[in-house]
Amino acid sequence: VTCRCGNHMRVKAKHFGRMCRCTKCHFPIYVTYDNVEPPVSPGDRHVPRVFKEDEVPVHWKKGDLLMELYEVRETLGEGGMGVVYHVYHRGWGKHLAVKSPSPKLLGDEEWVNQFEHECETWISLPPHPNVVECFYVRRLGGIPRVFVEYLKGRDLGHLIDSKALYAGGQASALKRMLDVAIQFCWGL
């Protein structure tokens, strides 16, 4: 890409859709497929949807870039209470899970205030190995979103639905269930 000062810089595919600064004059340059030489073939273009804080949509898609800070990796789950996303926090270099309440719940201001209050209580809990850590609540696109520790793996619902919790006979299943129950109690 070429800066207005005439400085030529090499950019990688990960820079597309992002701001960078000229290595010579530090002028901010938004890197797009249209301002690079040689031009990028249309078939090779993958530009993330980029949103500012007030433009963040209700529903996110894989590849979205929110405020040049959060990269949406996938949707982890969806239910009556809302949607949970897996995002990568560029500033922290850390994977997070983000819970977005269902838009139908947001019409009730009392519910929204209670949701944010409960999240603040969660944030204030001391770290514990049996409790997912809650980092903060932030309104994006006017919707309160809760940012929590991302943990890879299957949840208890999957173990129950897939019958994996009950595998290996009654003694093995009972041992597994007691292990889960004890861990649950330690978290409480």
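With every protein chain in place, what's the accessible area of I160 (1.4 Å probe, Å², nearest 10)?
In the full protein context, I160 sits at about 70 Å².
For the chain, take the longest principal axis of its alpha carbons; what is the angle in degrees between that and the long axis of helix 169-187, to the nearest 10 within 0 to 90?
70
Which links in K104/K163; K104/K175; K24/K52; K12/K61; K94/K175; K12/K99 stretch past 29 Å when you go from one Cα to the other?
Among K104/K163; K104/K175; K24/K52; K12/K61; K94/K175; K12/K99, the Cα-Cα distance tops 29 Å for K104/K163; K104/K175; K94/K175; K12/K99.
No other cysteine beta carbon under 4.7 Å away is the test; run it over the chain and list who passes.
So, C20, C119, C134, C185.
Ranked by accessible surface with a 1.4 Å probe, highest first, in what order do W92, W60, W111 come?
W92, W111, W60
Heavy-atom accessible area of R145 with all protein chains present, probe 1.4 Å, nearest 10 Å²?
0
Taking only protein heavy atoms into account and a 1.4 Å probe, give the accessible area per residue of region 106-188 in Å².
71
Quick one: angle between helix 109-123 and the longest Cα principal axis of the chain, in degrees between 0 and 90, rounded to 10, please.
80
Work out from phi, with θ = phi - 60° and the Karplus expression 6.51 cos²θ - 1.76 cosθ + 1.60, the ³J(HN,Hα) of each residue of region 85-94, listed in order in whole Hz, and give x for Gly and Pro.
10, 9, 10, 10, 8, 5, x, 8, x, 9
Quick one: go through region 170-188 and flag any residue whose amide nitrogen is under 18 Å from the point 7 Å out along the Cα-to-Cβ line of H128.
179-188
Considering only C-alpha atoms, what is the centroid distance from region 63-85 to region 158-184, in Å?
The distance from the Cα centre of region 63-85 to that of region 158-184 comes to 30 Å.
Return the long-range amide H neighbours of E133 (sequence gap of 5 or more, or a different chain), with a cut-off of under 5 Å between placed amide H atoms.
For E133, the qualifying residues are E149.
Counting only DSSP beta bridges with both residues in region 84-188, what percent are antiparallel, rounded to the nearest 5?
100
Counting only protein heavy atoms, what percent of the accessible surface of the chain is carbon or sulfur at a 1.4 Å probe?
55
With bins 5 Å wide starting at 0, give me the P(r) of the chain over every alpha carbon pair, in whole percents.
Going from the shortest bin to the longest, the percentages are 1, 6, 12, 14, 14, 13, 11, 9, 7, 6, 4, 2, 1, 0, 0.
Rounded, prolate or oblate: which one fits region 86-155, using the alpha carbon gyration tensor with axes a ≥ b ≥ c (rounded when a/c is under 1.5, else prolate when a/b beats b/c, else oblate)?
Note, shape of region 86-155 comes out prolate.
With every protein chain kept in the model, how would you rank T23, T121 by accessible area, 1.4 Å probe, largest at the top?
T23, T121
The values are calculated or read from the model by the stated rules, or taken from the named source; none is laboratory data. Everything quoted here is computed from the prediction, not taken from an experiment. Using ideal geometry, Cβ is built from the backbone for each residue, glycine included, and neighbour counts are taken over all protein chains shown. These accessible areas exclude ligands, DNA and RNA; they are computed on the full protein's heavy atoms, side chains included. Shrake-Rupley method; radii C 1.70, N 1.55, O 1.52, S 1.80 Å.
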